[in-house]
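Peer 1: Shown below is the structure under consideration.
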Amino acid sequence: MTVVHVDEERASTAEAGRRFPNDFLWGSATSSYQIEGAASVDGRGESIWDRFCARPGAITDGSSGEVACDHYHRFEEDIALMQRLNLNAYRFSIAWPRIFPQGRGKVNTLGLDFYDRLVDSLLAHGLRPLPTLYHWDLPQALEDQGGWPVRATAEAFADYAEVVAARLSDRVGNWMTLNEPFVVANHGYLTGEHAPGRSSLRDSLAASHHVLVAHGLAMERIRSVVRDANVGIVLNFTPVTPVGDSPAAIDRQQIVNDIENRWYVDPIGGHGYPPYTVDRLAWDRSEVRSGDMELIARPIDTLGVNFYSRKVVGALEGEQPDRRAETAMGWEIYPSAFGDLLRGLHKTHGFQRYLITENGAAMPDADRVDGRVIDNDRLEYIAAHLGQVHQAMEDGVPVEGYFAWSLLDNFEWAHGYGPKFGLIEVDMTTQRRMPKQSALWYAEVAKSGEIRPRLDA
Ligand code: FCB
C-alpha cells in the first residue's frame, strides 16, 4: 500500500506559491457547544450534550462544555484575534437550546440577542458570518420526546431555522443547515459514543432520514425569509480504501463507504439512498414519506465539505495496515485523498459551489521556543491539504473558501479537552489565548492568498 507521508521538512515548501483567487474565503470554524460555555446563562435550555457529559465514563476526561472557551463572554476578543489573523470569514454554529430552551414553543430572545451581537461584531471586523444551525446540541426536551428518530424533531428544526433566519437575515446571506448528519445518526444513535448515547440500528436509520428531512424543510423556510439566501449543508467525508480484493473486504468497503460517504450526499444530489447498503441493512424505509426524497433533493447552493482523513478497511472489523503518519486522534494523514474526493464529488454531483467547512489536525503537544508555540506538524498538515484544494480548483472544482478547524483549542466531544485542534492555544484555567505558529503562518496565507513556506524557513 502506498502511504503519502507529510514530510516534516518539505511539505509546506512543496505546496508554496500556489495562489488562490482574490475573493477566496479564508476562515476558521468552531461550534457552539465546543467553545461557548455559559451553559446556564441568559435562559439557555439543557442540550443533549449537557446531559451526556454528566454520564459517568461518557467523556474521556470527565469534562463538559459548561465553561469551554467561555466564548459567550469573550467573543469580542476572539473576533479581534480572527481579524489579527487576516481572516475574512467565520463559520460558527447556533445553539438551538439558547433560542428554544424547550426545543420548540417559546423563543428566548436573549439567545437571539447573543448571535445578533456576534454577527454585528463579525461584520464590523470585516468577517463574513457563516452560521450552521445544528452542530449536535439538540435541546434535551426534544430528545426526551424521541430525538432524531422521531419526525417531529425535523419539524421543530424547521421552525427554529426560520426564527433564526428571520432575525439575522438582514446581515447573513450564507446558511448551513446541519453539520455532519452521519455523525448525528451514527455516533448519537448507533454506537452511542456521542450524545444522546443510544445504540439501535433502527433508531439510527430513522435519525439518518429525519436529519435530511430537517435539512430540506429548513432550506425551504430559510429561503422563505432570506431573499437570495445561499443555503447548504455540511457533510463529512472519509474516503474508504479496501485492504486487498477479497469479496469480504470489498463488501465491507462498500458498506462503510455507503454509510460514511454516500448516505447523505446521494439523496441530496437526487440519487436516493445507496441501494446496496439499504439492502444489506435490511432497512424497510418505513420513515420515508411520499415527497421526502424530492424535498431532500431540492438544489443546495453550497456543499460544505469536512475532510480529515481516509479509512482503510479490511475484511475483518478493525483490520488496519501500518501507517506512516497520523495525528493525535490516530487519524491517518493522507492528503491526496482530499483532492480525489473533491474531484469525485464534483464529477458525480456537480454542485454549484463548495466550501471546505472543516479541515485541520489535533497534534501532540507542541514545542515552546521563547514562549512561542511551535506546531509545524499542524502547519504542514494544513499546507498539504490546501495544496490539494488548490489542485482540485485547477481541475475545475468551484471551491470558494477554506475554514480551518479550529480557531481555538476546545471541547472535542467524547475526548474532552485532550485533543487540541486549535490554531490558537487556550489555557483552560486562565482562558488566555495564544496564537500558535500555525496561526501566524495561516495569517500570512490569508493575507497573501498564497500557500507560504514555513515562517522560519
Ligand atoms: C468534526 C466535527 C467538529 C470537530 C472535528 C474534529 O467531525 O464537526 O466539531 O469535532 O470533527
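The values are calculated or read from the model by the stated rules, or taken from the named source; none is laboratory data. Quick caveat, the model's predicted, so the values are computed rather than measured. So basically every Cβ, Gly included, is an ideal-geometry build from the backbone, and we count neighbours across all protein chains shown.
Peer 1: List the pairs whose first member sits in the stretch 129-148 and is under 18 Å from Gly65 (Cα atoms) and of a type in the set (Asp, Glu), whose second member is within 16 Å of the ligand (Cβ to nearest atom) and at pLDDT 95 or above, and whose Cβ atoms are under 6 Å apart, counting only residues at least 6 apart or on separate chains?
Peer 2: Asp137/Ser32; Asp137/Tyr33; Asp137/Ser47; Asp137/Trp49; Asp137/Ala95
Peer 1: Hey, another quick one. Which one of these does Glu412 not meet: (1) away from the ligand (no atom under 16 Å from the Cβ); (2) in contact with a Lys or Arg (Cβ under 9 Å, 6 or more places away or on another chain)?
Peer 2: All conditions are met except number (1).
Peer 1: Then there's this: Does Gly57 qualify as being among the small types (Gly, Ala, Ser), more than 27 Å from Arg433 (Cα to Cα), surrounded by fewer than 19 Cβ atoms within 10 Å (Cβ to Cβ) and modelled with pLDDT of 95 or more?
Peer 2: Working: among the small types (Gly, Ala, Ser): yes; more than 27 Å from Arg433 (Cα to Cα): yes; surrounded by fewer than 19 Cβ atoms within 10 Å (Cβ to Cβ): yes; modelled with pLDDT of 95 or more: yes.
Taking the combined requirement at face value, the residue satisfies it.
Peer 1: Spot the failing condition for Val445; the list is (1) closer than 24 Å to Arg74 by Cα; (2) out of contact with any strand residue (DSSP E or B) (no Cβ under 6 Å at 6 or more places or on another chain); (3) of a type in the set (A, V, I, L, M, F, W, C); (4) more than 16 Å from the ligand (Cβ to nearest atom), and only one is missed.
Peer 2: (1)
Peer 1: Then there is this: Got a number for residues in the stretch 195-216 being over 14 Å from Trp283 (Cβ atoms) and either assigned to a loop (DSSP other than H, G, I, E, B) or in contact with a strand residue (DSSP E or B) (Cβ under 8 Å, 6 or more places away or on another chain) (or both)?
Peer 2: Let us first name the residues in the stretch 195-216 that are over 14 Å from Trp283 (Cβ atoms), namely 195-199, 211, 213-216.
Next, only the ones that are either assigned to a loop (DSSP other than H, G, I, E, B) or in contact with a strand residue (DSSP E or B) (Cβ under 8 Å, 6 or more places away or on another chain) (or both) stay: 195-199, 211, 214-215.
Total satisfying the criteria: 8.
Peer 1: What's the number of the condition Tyr354 fails, among (1) farther than 22 Å from Asp375 by Cα; (2) over 18 Å from the mean Cα position of the chain (by Cα); (3) not small (Gly, Ala, Ser)?
Peer 2: (2)
Peer 1: Would you check which residues across the stretch 162-194 are in contact with a helix residue (DSSP H, G or I) (Cβ under 8 Å, 6 or more places away or on another chain), farther than 30 Å from Asp279 by Cβ and either within 16 Å of the ligand (Cβ to nearest atom) or assigned to a helix (DSSP H, G or I) (or both) and list them?
Peer 2: Selection gives Glu162, Val163, Val164, Ala165, Ala166, Arg167, Leu168.
Peer 1: Looking at (1) within 16 Å of the ligand (Cβ to nearest atom); (2) over 24 Å from Pro131 (Cβ atoms); (3) in contact with an Asp or Glu (Cβ under 8 Å, 6 or more places away or on another chain), find the lone condition where Arg343 falls short.
Peer 2: So Arg343 meets the others, but not (1).
Peer 1: Here's something else I'd like to know. For the stretch 217-249: of the residues being assigned to a loop (DSSP other than H, G, I, E, B) and not polar (S, T, N, Q), which is nearest to the ligand (Cβ to nearest atom)?
Peer 2: Step one: list which residues in the stretch 217-249 are assigned to a loop (DSSP other than H, G, I, E, B), which gives 226-229, 238-239, 243-246.
Okay, now just the ones that are also not polar (S, T, N, Q), so 226-229, 239, 243-245.
Details: Val226: 24, Arg227: 29, Asp228: 27, Ala229: 22, Pro239: 15, Val243: 24, Gly244: 28, Asp245: 30 Å.
Result: Pro239.
Peer 1: Given the criteria surrounded by 16 or more Cβ atoms within 10 Å (Cβ to Cβ) and in contact with a Leu (Cβ under 9 Å, 6 or more places away or on another chain), does Leu345 qualify?
Peer 2: On the way: surrounded by 16 or more Cβ atoms within 10 Å (Cβ to Cβ): yes; in contact with a Leu (Cβ under 9 Å, 6 or more places away or on another chain): yes.
Yes, satisfied.
Peer 1: From the set of residues in the stretch 325-340 that are charged (D, E, K, R) and touching an Asp or Glu at 6+ places or on another chain (Cβ under 8 Å), which is nearest to Val265 (Cα to Cα)? Spell out how you get there, then give the answer.
Peer 2: Narrowing the stretch 325-340 to residues charged (D, E, K, R): 326, 332, 340.
Retained after the next criterion (residues that are touching an Asp or Glu at 6+ places or on another chain (Cβ under 8 Å)): 326, 332.
On the way: Glu326: 27, Glu332: 23 Å.
Ranking the candidates gives Glu332 first.
Peer 1: Further, regarding this structure: Answer yes or no as to whether Arg378 is charged (D, E, K, R) and either within 18 Å of the chain's Cα centre (by Cα) or within 16 Å of the ligand (Cβ to nearest atom) (or both).
Peer 2: Values: charged (D, E, K, R): yes; either within 18 Å of the chain's Cα centre (by Cα) or within 16 Å of the ligand (Cβ to nearest atom) (or both): yes.
Spelling it out, Arg378 is indeed charged (D, E, K, R) and either within 18 Å of the chain's Cα centre (by Cα) or within 16 Å of the ligand (Cβ to nearest atom) (or both).
Peer 1: So if I check each of Thr153, Thr132, which one is within 16 Å of the ligand (Cβ to nearest atom) and among the β-branched types (Val, Ile, Thr)? Write out each step before concluding.
Peer 2: On the way: Thr153 fails: within 16 Å of the ligand (Cβ to nearest atom).
Step by step, each of Thr153, Thr132 is checked, and only Thr132 is within 16 Å of the ligand (Cβ to nearest atom) and among the β-branched types (Val, Ile, Thr).
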